[in-house]
Amino acid sequence: MKIKILIISFLVSFFNSTSEKEFSYALPKYYKLKSTLSLKIANQKTLHLAVAKNKNSSEYNLIPFFMNKEGKVNKLSTLSFKDEPELVSFHIVGNQLTLINYQNDQLIIDDLAVDGTSSKRKIIEDTDKPKNIITEAHETLFLKKNEKEKNIQVTRVSNSENINELNFKIPSNLENSFDRIFDSKLQIINTEEFVKNGSISNFQAYYKDDKINLIFNEDEKDQNISLIAIDLQGENHFKLMNFKTPEMEKLKNSNSYFKNNKLFVINSGKDDIQLNVFNAEKENLLKNLSLKKNLSHLAKNKEDLEDFIDNARKSKNKPTVTINETKNGKLAVRMDYVNKNSYHYYDFWWMQWQFHWQMQMQHTQMMNQVPRSFGPNITSLEIDDLYYNEKDHSYTLILDENLEIDKQKNKFETIYPIIEEEKYKKRIEEMEKNLKIENTSLSFLNTTYRLFYSNKNENKLYIKTFNID
């Protein structure tokens, strides 16, 4: 009993420790709250969405709240849907927020003024659900392959009135490559966020400066990595590049990451691990680093180094490489390995919700029911799958702008925080259990996070800001 009282006392103290003023909103009595979703948008702003069933109209209402960098909250125009909405993407341009939902073969694009004064909607009928979705701060892109026309179709959405469809004829020498890419599970990587282990897919897509870079390595034991750049603006829309990493004895597996026009490739071999850095434009090797020969200072001792190499090359595991940026302009290159049978890549809470929705739809098909949920209601997530607690055995290498190794022992600060999702999951679970809150969702900024929730005893919504610890 004493322990329980101490836990509750700690949670109450923590919950009330923030200096930020809490925002609250009383829902009308005719609403039954279904779920919430919190999203980070550009320039340290957040969007908080509540889905409620309207008892009067039998429709689903989406109630958005926009919180700026300083913490000021505006309630935006309420949106109505026949069924529970499925959010596809979101972005902001100036003072206008755009939400894209998909429902009943319709793409529903809503423009919302962030001051809450107006909204505009466009519905595109008889359309397939977008699959390869690139969510940028100021636009959304849909990427697909048109089998009949043999072209790549890129749909750029700025707002409901500015939708531009681009079609690029696929060169004959790239048709097979594009077939394999679009037949695979292509993963879109957002380098403006930081997911510590990143993607382990052999087919990855990165978008920057009007270029979509498709990186693929179909055989993990092959020394070659291929990249197709799709230029949305230039005259030559396609460029194929091949990168051959230095030979390794018994290459077991590999992975890659694309940042600042540089391709980072990690290779795991019989007795060593190599990190290779290529200039993507010139297709030349800039750096080749051996974990044993060049980076042994990252390990605690020789035994630790050997364990890392041994585990990374196991068939059940896959090495990972991801790039963060330090506040003094250097690159923090994180190397690790994960169990590829249980690891899930996701763009944190946004991807968390997407995964949750897919799991529910599979359940719907099996059970012939409709147990839908819009936002990341943590109490109802498939916790074991989504939150596989992968042990951190990583090494972080600091490289300067010339890719020279920084061996200083000083602690480095990164621009994007490394979120220990398991810790926050457990914290929210304890809050839900002991403080009688529910319908929780989180959005993480650079130094703070914002919690969106409701109280079990009243039909009321809250947004509260905490420091990342």
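The values are calculated or read from the model by the stated rules, or taken from the named source; none is laboratory data. Keep in mind it's a predicted model, so treat the numbers as computed, not measured. A quick note on method: Cβ atoms are made from the backbone with ideal geometry, for glycine too, and the neighbour counts reach across all protein chains shown.
Any residue in the stretch 87-98 that is touching a residue at least 12 places away in the same chain (Cβ under 8 Å) and more than 16 Å from S119 (Cβ to Cβ) sitting within a Cβ distance under 9 Å of a residue that is outside any strand (DSSP E or B) and of a type outside the set (D, E, K, R)? List the pairs, counting only those 6 or more apart or interchain.
V88/P130; S89/P130
Residues in the stretch 219-226: is at least one within 20 Å of I405 (Cβ to Cβ) and either within 21 Å of the chain's Cα centre (by Cα) or in contact (Cβ under 8 Å) with a residue 12 or more places away in the chain (or both)? Spell out how you get there, then give the answer.
Step one: filter the stretch 219-226 for residues within 20 Å of I405 (Cβ to Cβ), giving none.
Within the stretch 219-226 (the criterion being within 20 Å of I405 (Cβ to Cβ) and either within 21 Å of the chain's Cα centre (by Cα) or in contact (Cβ under 8 Å) with a residue 12 or more places away in the chain (or both)), the answer is no, since none of the residues qualifies.
Out of I163, I189, which single residue is within 16 Å of T135 (Cα to Cα), surrounded by fewer than 19 Cβ atoms within 10 Å (Cβ to Cβ) and among the β-branched types (V, I, T)?
Details: I189 fails: surrounded by fewer than 19 Cβ atoms within 10 Å (Cβ to Cβ).
Step by step, each of I163, I189 is checked, and only I163 is within 16 Å of T135 (Cα to Cα), surrounded by fewer than 19 Cβ atoms within 10 Å (Cβ to Cβ) and among the β-branched types (V, I, T).
Pick out, from the stretch 246-347, the strands (runs of 3 or more DSSP E) lying fully within it that include 1 or more residues that are of a type in the set (D, E, K, R) and either surrounded by fewer than 15 Cβ atoms within 10 Å (Cβ to Cβ) or over 20 Å from the mean Cα position of the chain (by Cα) (or both).
On the way: elements: 253-259, 262-268, 273-279, 284-290, 317-325, 331-339.
Those strands (runs of 3 or more DSSP E) span 262-268, 284-290.
Part of a loop (DSSP other than H, G, I, E, B), in contact (Cβ under 8 Å) with a residue 12 or more places away in the chain, of a type in the set (K, R) and under 17 Å from K145 (Cα atoms), is that true of K196?
no
Do we have L445 as surrounded by 13 or more Cβ atoms within 10 Å (Cβ to Cβ), more than 21 Å from E192 (Cα to Cα) and touching a strand residue (DSSP E or B) at 6+ places or on another chain (Cβ under 8 Å) here? First the steps, then the outcome.
Details: surrounded by 13 or more Cβ atoms within 10 Å (Cβ to Cβ): yes; more than 21 Å from E192 (Cα to Cα): no; touching a strand residue (DSSP E or B) at 6+ places or on another chain (Cβ under 8 Å): yes.
Here the answer is no, as L445 does not meet what is asked.
Restricting attention to the stretch 61-97, which residues are aromatic (F, W, Y) and closer than 19 Å to P28 by Cβ? Explain how you work it out, then say what you get.
As a first pass, look at the stretch 61-97 and keep what is aromatic (F, W, Y): 65-66, 81, 90.
Of everything in the stretch 61-97, those that are aromatic (F, W, Y) and closer than 19 Å to P28 by Cβ turn out to be F65, F81.
Give the residues of the stretch 451-462 that are under 21 Å from Q44 (Cβ atoms) and either at pLDDT below 95 or surrounded by 22 or more Cβ atoms within 10 Å (Cβ to Cβ) (or both), sorted by residue number. Walk me through it before giving the result.
Here is the first cut: in the stretch 451-462, the ones under 21 Å from Q44 (Cβ atoms) are 451-453, 462.
L451, F452, Y453 - these are the residues of the stretch 451-462 that are under 21 Å from Q44 (Cβ atoms) and either at pLDDT below 95 or surrounded by 22 or more Cβ atoms within 10 Å (Cβ to Cβ) (or both).
Tell me, which residue of the stretch 53-66 that is in a strand (DSSP E or B) and not basic (K, R) is surrounded by the fewest Cβ atoms within 10 Å (Cβ to Cβ)? Show your work before the answer.
So in the stretch 53-66, the residues in a strand (DSSP E or B) come out as 53-54, 60-66.
Next, only the ones that are not basic (K, R) stay: 54, 60-66.
Details: N54: 16, Y60: 20, N61: 20, L62: 22, I63: 20, P64: 24, F65: 21, F66: 22.
So the residue we want is N54.
Output the residues belonging to the stretch 32-52 that are over 14 Å from T440 (Cβ atoms) and surrounded by fewer than 18 Cβ atoms within 10 Å (Cβ to Cβ).
K32, A42, N43, Q44, listed by residue number.
Yes/no per residue for (1) surrounded by 14 or more Cβ atoms within 10 Å (Cβ to Cβ); (2) in a strand (DSSP E or B); (3) touching a strand residue (DSSP E or B) at 6+ places or on another chain (Cβ under 9 Å); (4) in contact (Cβ under 8 Å) with a residue 12 or more places away in the chain:
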position	(1), (2), (3), (4)
E149	no, no, yes, yes
V154	yes, yes, yes, yes
V157	yes, yes, yes, yes
N167	no, yes, yes, yes
L174	yes, no, yes, yes
F178	yes, no, yes, yes
I181	yes, no, yes, yes
K185	no, no, yes, yes
